[in-house]
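> Can you read through this structure? Questions will come right after.
The values are calculated or read from the model by the stated rules, or taken from the named source; none is laboratory data. This is a predicted model, so every value here is computed, not measured. Cβ placement follows ideal geometry from the backbone for every residue including glycine, while neighbour counts extend to all protein chains displayed.
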Amino acid sequence: MFGADKGHLESTDARLDGRKLAIAIVQARFNESVTNALAEACRAELAALGVPTKNIEHVMVPGALEVPLALQALAEQNSYDALIALGCIIRGETYHFELVANESGAGVTRVALDYQIPIANAILTVENMEQAEARQSDKGRDAARVAVEMANLMDAIG
């Protein structure tokens, strides 16, 4: 829900310390103006959380359905503490929206569970471009914070 209470961690909280982390981002090109804004906000927040630029891998794929395969390939490398999925699916006039939204979401979750790696899913599923643009910066930042927090949690859990 847009504007939902997501809870709050101060950026100084140890759970958001990204200085020792390596993170990979997979960005879909479809609806590129939105996904570029997601990526820009995400990368800026990763930097603010201390993730070294040299520890951030950023790859592009054609669309949301291709995101899980790229995430899987990155997870297989066993070089990253967390992954981030960026994309934008805008409802059209056919069932294709549901197919892409459901399958990309299920694929992202499956990779996270199969490889036991945190994946921040910021593949937006919206009704129109206005909704996408209203969410692109916040969701990009949120994805960075989720990735860092979950990477640190998984490290703490062991």
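> For the structure I just gave you, tell me whether Met154 is over 30 Å from Asp13 (Cα atoms), more than 12 Å from the chain's Cα centre (by Cα), modelled with pLDDT of 95 or more and surrounded by fewer than 20 Cβ atoms within 10 Å (Cβ to Cβ).
Spelling it out, it is not the case that Met154 is over 30 Å from Asp13 (Cα atoms), more than 12 Å from the chain's Cα centre (by Cα), modelled with pLDDT of 95 or more and surrounded by fewer than 20 Cβ atoms within 10 Å (Cβ to Cβ).
> Can you tell me how many residues within segment 92-146 are small (Gly, Ala, Ser), within 22 Å of Ser33 (Cα to Cα) and touching a helix residue (DSSP H, G or I) at 6+ places or on another chain (Cβ under 7 Å)?
Within segment 92-146, residues that are small (Gly, Ala, Ser), within 22 Å of Ser33 (Cα to Cα) and touching a helix residue (DSSP H, G or I) at 6+ places or on another chain (Cβ under 7 Å) number 8.
> Further, regarding this structure: So which of Tyr95, Tyr80 ends up being among the aromatic types (Phe, Trp, Tyr) and under 16 Å from Ala143 (Cα atoms)?
Tyr80
> OK, next. Take the residues of segment 99-132 that are hydroxyl-bearing (Ser, Thr, Tyr) and under 20 Å from Gln77 (Cβ atoms): which is surrounded by the most Cβ atoms within 10 Å (Cβ to Cβ)?
Here is the first cut: in segment 99-132, the ones hydroxyl-bearing (Ser, Thr, Tyr) are 104, 109, 115, 125.
Retained after the next criterion (residues that are under 20 Å from Gln77 (Cβ atoms)): 109, 115.
On the way: Thr109: 13, Tyr115: 17.
So, considering only residues that are hydroxyl-bearing (Ser, Thr, Tyr) and under 20 Å from Gln77 (Cβ atoms), the one surrounded by the most Cβ atoms within 10 Å (Cβ to Cβ) is Tyr115.
> Here's another thing I want to ask about it. Just to check your reading of the model, which residue among Glu10, Glu66, Glu32 is more than 18 Å from Gly105 (Cβ to Cβ), of a type outside the set (S, T, N, Q) and modelled with pLDDT of 95 or more?
Glu32
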